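J.: Here it is: the structure, laid out below.
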Amino acid sequence: MSVLENAHVIADTIRPRAEDIEKSRRLPNDIAVMMAQAGLFRIMVPTYLGGMESTPMQAMEIIETIANADASAGWCVMIASTTGVTSAYLDKDVAARIFGENDIITGGVFAPMGKATFDQGGYQLSGHWNWASGSANCHWLLGGAMVMDKGKPRLGADGVPETRQFLYPADKACLPDTWNVTGLCGTGSGDMVVDELFIPQEYSLSLAADKPVAEGPLYTFPVFGLLAIGIAAVSLGNARAAIDDLKDLARAKKSQGSSKTIGQRATSQVQLAQAEADFKSARAFLFDSVKIAYGAAQTDGEISLAMRADVRLAATNAVRRSADITRSMYDLAGGSSVFLNSSLQRRMRDAHVATQHMMVSPQTYELIGRVGFDLDTDSTFL
């Protein structure tokens, strides 16, 4: 079976366990192992390492499929997939030591919350990172850090502080249990801490300065763009499930004192139609913008700033429209949606936590607006 076909099969296994995943506050180990063996965590790893090296559209569809069953599980696929992209930047022998096994799970935090000091062939890395999604199941972790020189950030040729990504075995990190949150509870996105950990030079990379070792259009895509569309795919899968769950409920449930089911009420029909329109338009915009950008990567070997901005706009729009949809479906369900055994309350909470990620925050609109007005723009995160 293809990885997407595997995703559909695994989604059917995950769906009835969504409450358990949330209560565990992490992905249960048996589910993580099953997903790893099915190739779900290696969809963006190069084929020379045994990965799928998917197109961005394929990756989104796989992530969306798992998120439709449970948003936390979909989020873990997204994180493992995007950290897997770093394999394309490493020396092939080094990458094989980390990503060469089929059941390897990677995760971590791209944000440069750590500090790294150069030390004879490598770096001494210290840091305390928040939001280390899926870390409890990982074999290798990634942490972003600012490179320090004599106690101060080392500046690049452009005057911007130098940052790098560092990969290290998961058992070298301390993982404090800090993940007590309102949504995406099952992602296990707690803290990650290392103190004076030596990282050989070859186990680090710069997403800003380094060029991918791997060839292929997937690695022409900016990593932060892949991260944003992955978040959007999680949100869309979750929103689609909220619509479908509401439809199932509305066909049978009658409001108190009414002879009509929720689905027979005109106001419900209008809200459902609006939700479908919002979902389908947001999804179409996302897939269309990504397809156009990927086409440019295939034919031209590069993606223009305008295309990158369009991808980020589509991703941000998809995440925020998806949150609106889940709230609308929650409202339509009435009082039954407030109970913890209702999937709709979980879908709404998961959707709104996803909106807080910096890659899809409201500030993204300002960044994209600057591009639209042809103003000087820091495009590092586009």
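J.: Do the alpha carbons of any pairs in K23/K172; K150/K172; K115/K172 sit beyond 21 Å of each other, and which pairs?
T.: Violating the 21 Å limit, Cα to Cα: K23/K172; K150/K172.
J.: With +1 on each Lys and Arg Cβ and -1 on each Asp and Glu Cβ, how big is the dipole of the chain about its Cα centre, in debye rounded to the nearest 20?
T.: It comes to approximately 1360 debye.
J.: Let me ask you something else. Given the peptides 162-168, 269-275, arrange them by the average over their residues of other C-beta atoms within 10 Å, most packed first.
T.: Ranking, from highest mean packing down: 162-168, 269-275.
J.: I need the per residue convex hull volume for segment 3-99, using only the alpha carbons, in cubic angstrom as a whole number.
T.: 85
J.: Then there's this: Residue farthest toward the positive end of the dipole of the chain, with Cβ of Lys/Arg at +1 and Asp/Glu at -1: which of S342, S281, M44?
T.: The residue sitting farthest along the positive end of the dipole is S342.
J.: If you take the charge dipole of segment 221-372 about its Cα centre, with +1 on Lys and Arg Cβ and -1 on Asp and Glu Cβ, which of T355, L332, N238 is farthest toward its positive end?
T.: L332
J.: If we count other beta carbons within 10 Å of each Cβ, what is the order of T220, T65, fewest first?
T.: The fewest-first ordering by Cβ neighbours comes to T220, T65.
J.: So for the chain, Kirkwood radius off the Cα pairs, Stokes-Einstein at 37 °C and 0.692 mPa s: how many µm² s⁻¹?
T.: 154
J.: Sort 117-128, 370-381 for me by packing, meaning the mean count of neighbouring Cβ atoms within 10 Å per residue, highest on top.
T.: The densest-packed peptide leads the list: 117-128, 370-381.
J.: Which order do I243, I14 fall in if you start with the one that has the fewest other Cβ atoms within 10 Å?
T.: Ordered by Cβ neighbours within 10 Å, fewest first: I243, I14.
J.: Another question about this same structure. Checking the a/c ratio against 1.5 first, then a/b against b/c, what shape does the Cα gyration tensor give for segment 189-250?
T.: It comes out oblate by the Cα gyration axes.
J.: Whole angstrom only: what separates the Cα centroid of segment 109-168 from the Cα centroid of segment 325-382?
T.: 28
J.: Test of understanding: in a Gaussian network model of the chain with alpha carbons linked when under 10 Å, which of Y89, Y48, Y219 would top the mean-square fluctuation ranking?
T.: Sorting by GNM fluctuation, first place goes to Y48.
J.: Relative contact order of the chain: what whole-number percent is it, with Cα pairs under 8 angstrom and at least 6 residues apart?
T.: Relative contact order for the chain comes out at 17 percent.
J.: Among T178, T55, which comes first, then next, by fewest other beta-carbon atoms within 10 Å?
T.: Taking fewest neighbouring Cβ atoms as first place, the list is T178, T55.
J.: Just how large is the dipole of segment 221-372 about the Cα centre, in debye to the nearest 20, putting +1 at every Lys and Arg Cβ and -1 at every Asp and Glu Cβ?
T.: Charge dipole, segment 221-372, about its Cα centre: 600 debye, nearest 20.
J.: If you put +1 on each Lys and Arg Cβ and -1 on each Asp and Glu Cβ, how big is the dipole of segment 107-205 around its Cα centre, in Debye rounded to 20?
T.: 180
J.: Right, next: Measure off 7 Å from each Cα along the Cα-to-Cβ vector at A277 and A157, then give the distance between these two points in nanometres to one decimal.
T.: 5.2
J.: Net charge near I10, counting Lys/Arg +1 and Asp/Glu -1 over other residues with Cβ under 12 Å of its Cβ?
T.: Residues near I10 contribute -2 overall.
Read the figures in this text as sums done on the coordinates, not as results from a lab. Here the structure is a predicted model, which is why all the values come from computation and not from measurement. Note that we place each Cβ from the backbone using ideal geometry, even for glycine, and neighbour counts take in every protein chain shown.
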